[in-house]
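Coordinate-derived values only; no laboratory data. Remember, predicted model here, so these are calculated numbers, not experimental data. In this analysis, Cβ positions are derived from the backbone assuming ideal geometry, glycine residues included, and neighbour counts consider all displayed protein chains.
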Protein chains: 2
Amino acid sequence: MARARRNGAEDSVARTAILDAAEQLMLEEGYGAVTSRRVAMRAGVHAALIYYYFGPMDGLFVAVFRRRAEWMLERHAEALSSEQPLWALWDVLRDKNGALHLEFLALGNHRKAVGAEISSYAKKFRHMHLESLSTALGGYGVDGKSWPPVAVVVFLSSIARFLLMEQEAYDLDLGHAEAIEIVERHIRELEGERRSRASRSRARGSG
Amino acid sequence: MARARRNGAEDSVARTAILDAAEQLMLEEGYGAVTSRRVAMRAGVHAALIYYYFGPMDGLFVAVFRRRAEWMLERHAEALSSEQPLWALWDVLRDKNGALHLEFLALGNHRKAVGAEISSYAKKFRHMHLESLSTALGGYGVDGKSWPPVAVVVFLSSIARFLLMEQEAYDLDLGHAEAIEIVERHIRELEGERRSRASRSRARGSG
DNA sequence: GTCTATAGCTGGATAGAC
DNA sequence: GTCTATCCAGCTATAGAC
């Protein structure tokens with residue numbers, strides 16, 4: 001495991017402030033706004049400190065991404081362990097906490113270190129989803145020949161994330177309600193009514 | 001219609017060279033690499049000329065996007081007029097020519113003018129798809145109550161684009177083959193075997 | 001239409017004092 | 001750990017010569 005940072009304790013106050021500031025900036029103004037100077041100003045520290053903690057800027061981006069991704073992994077694991085894993089996964093995939101994803105996606109396109117990190121986590125998520133849904137769908141008696149679990153995972157992910165993306169980036173939601181209705185109809189056929197909605201509004205603290 | 005450019009004929013050689021250079025750069029290195037200097041160098045003109053033709057950089061980005069989008073609109077219209085509109089739409093949605101989309105998406109996030117343009121075209125595409133598929137699905141006797149055409153459009157778009165995105169950005173294709181198989185099974189049930197594959201390899205010239 | 005020159009700014013990154 | 005000072009690079013955008 002390569003260390004992204006060069007110095008400083010994992011739980012240092014300044015380090016956390018820097019991560020929070022970078023994440024906020026990225027969310028509000030895009031990754032182009034995440035410069036050492038602006039992050040430092042927002043975090044209330046001086047720019048040189050960022051290099052002290054994270055090395056070159058890539059290190060900061062990777063650290064921000066990894067922190068988020070780890071937190072999301074936990075939430076997904078939690079969701080999949082619910083007694084209604086399909087509902088839970090669907091809800092957590094549609095969660096707005098994925099808003100940063102788009103930024104990282106683009107960022108990964110021209111920052112190798114970031115791209116590698118994203119790719120690695122994307123695979124972790126897919127494998128995790130697959131493992132749980134294989135069991136669940138098997139239990140529901142779904143024919144794995146015509147509906148392989150891995151395809152179901154891909155469908156759920158595609159639709160959930162794509163709709164979020166369209167809303168976010170295109171301000172477009174024509175057909176979304178109808179599409180969601182169909183997905184949920186199918187989930188309902190397997191798991192019955194959604195019993196508890198995963199706490200959708202729980203946002204990660206940023207300060 | 002606001003004019004993005006300030007001067008120069010639509011078909012000027014230099015203007016086209018600049019657009020091509022910008023598009024190539026964006027594809028190869030991301031929009032961050034699209035600076036007036038680098039575009040100029042690649043186009044074999046001088047940087048000031050870009051401002052002459054397109055005004056501030058936003059104008060260049062919008063022009064690149066619009067040129068691509070118009071070309072794609074034509075291709076989609078063509079596809080939808082085929083005698084197998086579902087197959088044709090599915091194929092054209094999965095076409096690699098959408099590779100720039102991701103870049104523009106992120107770019108639109110922090111360049112208002114670009115974002116507005118993207119949003120506008122996204123809606124044009126959706127409406128166009130909807131109109132054609134409504135007719136087609138009706139003709140196939142699909143029950144519009146449980147499978148509204150607009151939902152079908154959203155599904156096809158989501159899956160096609162999301163898979164492309166995963167491949168491109170995540171280097172991830174676990175489950176893709178299975179998902180594609182299911183989609184194509186359903187299309188086949190409505191339209192029979194795919195008779196002609198829309199010329200997938202046709203790439204837009206860039207020089 | 002095309003190029004030269006340049007003003008003015010912002011950012012990455014480090015050395016070294018404290 | 002934190003800050004000061006600084007170097008150097010690259011960018012946008014314009015004015016104005018040709």
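For the rotation that superimposes chain A on chain B, which residue of A has the C-beta lying nearest to the axis, and at what distance in Å?
A:A106, 1
Along the charge dipole of the protein assembly as shown, Cβ charges K/R +1 and D/E -1, which of B:S158, A:N7, A:M128 sits furthest on the positive end?
Sorting the options by dipole projection puts first A:N7.
Could you work out which residue, out of B:L60, B:L19, B:L190, moves most in a Gaussian network model of chain B, that is, has the largest mean-square fluctuation with Cα springs under 10 Å?
Taking springs between Cα atoms under 10 Å, the residue moving most is B:L190.
Mind telling me which of B:R197, B:R75, B:R111 comes out most flexible in a GNM of chain B, alpha-carbon contacts under 10 Å?
Largest GNM mean-square fluctuation: B:R197.
Strictly over 31 Å apart at the Cα level, which of A:K96/B:K145; A:K124/B:K123; A:K124/B:K145; A:K96/A:K123; A:K112/B:K124 would you flag in this model? Provide the component values of the computation, followed by the final result.
Values: A:K96/B:K145 29 Å; A:K124/B:K123 34 Å; A:K124/B:K145 38 Å; A:K96/A:K123 20 Å; A:K112/B:K124 34 Å.
Violating the 31 Å Cα-Cα cut-off are A:K124/B:K123; A:K124/B:K145; A:K112/B:K124.
For chain A, what is the Kirkwood estimate of the hydrodynamic radius, computed as the reciprocal of the mean inverse distance between distinct Cα atoms, to one decimal in Å? If you can, show how the numbers build up before the last one.
On the way: mean 1/r = 0.0537 Å⁻¹.
Hydrodynamic radius (Kirkwood, Cα pairs) of chain A is 18.6 Å.
How far, in nm to one decimal, is B:G139 from itself in the other copies if the label point is set 7 angstrom along Cα toward Cβ? Shortest first, please.
4.6
I'd like the distance between the alpha-carbon centres of segment B:14-28 and segment A:16-90, rounded to an integer number of Å.
The two parts, judged by their Cα centres, are 33 Å apart.
Please name whichever of B:A48, B:A177, B:G144 sits farthest to the positive end of the charge dipole of chain B, dipole taken about the Cα centre and charges placed at Cβ: Lys and Arg +1, Asp and Glu -1.
B:A48
So, in Å, what gap is there between the alpha-carbon centers of segment B:91-156 and segment A:161-191?
That distance is 14 Å.
Looking only at A:K124, A:K96, A:K145, which one moves most when chain A is put into a Gaussian network model with springs between Cα atoms under 10 Å?
Highest fluctuation of the listed residues: A:K145.
What dipole magnitude, in Debye to the nearest 20, does the protein assembly as shown give about its Cα centre under +1 on Lys/Arg Cβ and -1 on Asp/Glu Cβ?
Dipole magnitude for the protein assembly as shown comes out near 1320 debye.
Suppose you put the label 7 Å out from Cα in the Cβ direction; list, shortest first and in nm with one decimal, how far B:D171 is from each other copy's label.
Those separations, rounded to one decimal, come out as 3.7 nm.
Report Rg/Rh for the protein assembly as shown, rounded to two decimals, where Rg is the Cα radius of gyration and Rh the Kirkwood radius. Working shown, then result.
Values: Rg = 22.8 Å, Rh = 23.1 Å.
So for the protein assembly as shown, dividing Rg by the Kirkwood Rh gives 0.99.
In bins 5 Å wide, starting from 0, what share of all Cα pairs of segment A:1-55 does each bin hold, as a percent?
Pair shares across the bins are 4, 23, 31, 25, 13, 5, 0.
Once the label point is placed 7 Å from Cα along Cβ, list for A:M41 the distances to the corresponding points in the other copies, in nm, shortest first.
For A:M41, the other copies' label points sit at 2.9 nm, shortest first.
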